[in-house]
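Only the coordinates and a few stated rules stand behind these numbers; no lab work does. In this text, all values refer to a predicted model and were calculated from it rather than measured experimentally. For neighbour counting, all protein chains shown are included, and Cβ atoms are generated from backbone atoms with ideal geometry for every residue, glycine included.
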Amino acid sequence: MKLFVPALILVLCGALTAYHYPNHREANLLNAHHQQINSAAEQLDLDSLASLRATASGELEVAYIDYRLALAAEAHNQHDLMHTALSRSEAVLKAMQPQPEQIADAQALMAAIHLRRMVHSDEPEPHWRALEMALTLGYHQEASNPSLLMVSAMAARYSSEEAGGGQAMADLMLNEAGIQFERLCSNVCGTSNRAYIWQGLAQTMHRETGAAGQWLLAQASCQTLTTGT
């Protein structure tokens, strides 16, 4: 399978689009809720994730919680729940009309959903094509989006070097994802609207591969910026 890695993506990284971000008070309030989501997901707490879904603020957050719920269900070998949660997440993303600043993150999440479906499918090609389409749409909106780069790193592990993937490309994209996330947090203090999806994808990558590096430093720096700790 051919991995979609857009031409010049690594060169284009750095010119972040100037979107409107929440003020510090809004960001800090959102950050506390997003930390609850990612904490429950890391603990594979299905009940807490279900409760948090009921109080989610916005469709993108609902879709993200369902994605993390699917991964937690997978870890518990509850594959019916996993498939249900992935289907719900995809349906929400397809139905939503995202704000401009949400498009790239929403497409990153869509790509991540199809990556999980591809792993568990007897017919992976349709999911691979859907993954590539989501990445294409997302990169067109924001070439340096760290969540897109993180999913690209995850997808590279399932593609050969000849097709543009492989471990070396995965490492390169992973490192670039960390650099761009750190830049995002440095430029815009407390942007948990942008942070929580990337942090969740980074947690997933770390759990699956043990990969560590720039993203760990980036997560720590953004945690300091958003919470003051």
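Remarks
- Placing R0 at 22 angstrom, the Cβ-Cβ distance between GLU161 and ARG129 gives a FRET efficiency of 0.60 after rounding to 0.05.
- Backbone N within the stretch 154-174 under 18 Å of label point (7 Å from THR136 Cα along the Cβ vector): 155-156, 163-165
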